[in-house]
Amino acid sequence: MESDAAEGLAEPDIVAQLAAGSQEALAELYDRYGRLAYSVAVRVLGDPGRAEDAVQEAFLNIWNHAASFDGRRGSLRTWLLTSVRNRSIDYLRGRSGHERQELELRPALAEVGLRSDPWREVSLSLERSAVRDAMGSLPVEQRQAVELAYFAGYSHREIAEMTNVPLGTVKGRIRLALEKLSSYLQGRGLVDV
Amino acid sequence: MSDHEELESSVAAWVLGAVEADEVDILRTHIDACPTCRETALRLGRTVSALPLEVEEITPPARLRERILTAAAATSPGRVASARPRTIREPRRMRKPWVQGAPGRGVFPALAVAATVVLAILVGFVAGDVIGRGAPASAPVVRSTLAGHDSLAGATATVIDLKGEGVALVDFNGLPQLDSGRVYEIWLITAAGRPDPAGVFVPDSNGSKFVLVSRSLAGYRQMAVTSEEGPAGTPAPTQQPQLYGNLS
């Protein structure tokens, strides 16, 4: 199932080929990140059928807008996964994109050694392990606030209401959580300082 | 609190996509103009981009790859597809009521007894209390508790039923680690004893997990958890649950 022409390409080359209409580049992108994208959608939606829809929309979004991709704003992986998350939240909450705050594309984690498949896999595995450890290190209420916002699409005001704590407390938990995660990941060289 | 302090307190939530719609533009304008908040947003934004890596990996069905490539072939890059994709769903299999059991699965009658006992114990004691008293009356939030037994005796779960949203959040704690390839599967049980699958998960290294159940709990009497074959779980439980409770 691997595509020969695009296999092992660096991200800028994949983007250029996508913009040129290369199906092989899209297949390569799917082979690299399709599993992760689907996992994010299932995590948000808890429904494999709707997760497939969300992932398809995200890939087609990249397919249709590859020419406008700006690598300075984030990696292709970040663009894809942010798109999957946003579309999954839309399905989940039954809202159209303009009615809520869409996550914006941001400069991503430092991604190193991504040219060869084995090293890409190892690198991704290390990143995932570090992120899970980082999330696991957070106090329960901070992790809960981040997960409700990111994976369930709730606003800080909604989180305050459902957990019955003041809005300021929720803001503080989110800030503390992201600062701790940032520090943890920086310490492992996964986020640029 | 100054205007800057007020806005600065929401920068992390803005980065996380968690501010209200009417706050988005105000915060963006401030962040663009404020070097301190811009640096914070940039730094925390890199961290937010890592959050998808926290999920447990699940292998997508093989058809998804072909489905995407086929849809892409129907449109040229730069031309936005107008319609949302349609999911090809397999016919939903009929399941027998959990209380009646299935051939060769003797756990189900036992579960029915256990569920009845739990129901009797829980009603009137921990039937769930309303949290979030500030929430609108039209969108009540009701909490229930699941308790572990036998091998899951140390496990607990709090179910937060967001009735107005048609979803529920479940906060699991104290769960034992699973054998490789196994997952915990959540079941919603009707009054007739039929268990409907409601999601799978793997707890973190602390035995905790916060799970979103993206369906309404209306019409269900209990929630239960079993250990099943991963990564997708099973359409019907293969063992008697040892973590369960009544839904309010």
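Meeting the requirement of 2 or more residues that are without any contact (Cβ under 8 Å) to a residue 12 or more places away in the chain and crowded, with 17+ Cβ neighbours inside 10 Å, the helices (runs of 4 or more DSSP H) wholly within the range B:1-76 are B:35-48, B:63-73. Looking only at residues that are closer than 16 Å to residue A:93 by Cα and outside any loop (DSSP other than H, G, I, E, B) in the range B:212-221, which one is modelled with the lowest pLDDT? This residue is B:212. Picking from residues in the range B:203-243 that are touching a residue at least 40 places away in the same chain (Cβ under 8 Å) and acidic (Asp, Glu), the one that is surrounded by the most Cβ atoms within 10 Å (Cβ to Cβ) is B:228.
The residues in the range A:139-181 that are within 26 Å of residue A:51 (Cα to Cα) and acidic (Asp, Glu) can be counted, and the count is 2. Does any residue of the range A:100-112 turn out to be facing another protein chain (nearest Cβ under 7 Å), outside any loop (DSSP other than H, G, I, E, B) and at pLDDT below 90? The answer is no; no qualifying residue exists.
For the criterion of being more than 8 Å from chain B (Cβ to nearest Cβ) and either under 12 Å from the mean Cα position of the chain (by Cα) or buried (at least 22 other Cβ atoms within 10 Å of the Cβ) (or both), residue A:43 fails. Across the range B:189-202, the qualifying residues are those that are farther than 16 Å from residue B:231 by Cβ and in contact (Cβ under 8 Å) with a residue 40 or more places away in the chain, and the one among them that is nearest to the other protein chains (Cβ to nearest Cβ) is B:196.
Being among the aromatic types (Phe, Trp, Tyr) and more than 10 Å from every other protein chain (Cβ to nearest Cβ) is a condition met by no residue of the range A:48-62.
Just to be sure before I move on: is residue A:66 among the aliphatic types (A, V, I, L, M) and either more than 7 Å from chain B (Cβ to nearest Cβ) or in contact with a strand residue (DSSP E or B) (Cβ under 8 Å, 6 or more places away or on another chain) (or both) in the structure I sent? No: the conditions fail for residue A:66.
The values are calculated or read from the model by the stated rules, or taken from the named source; none is laboratory data. Not measured: the values here are computed from a predicted model. Backbone-built Cβ (ideal geometry, glycine too); neighbour counts: all protein chains shown.
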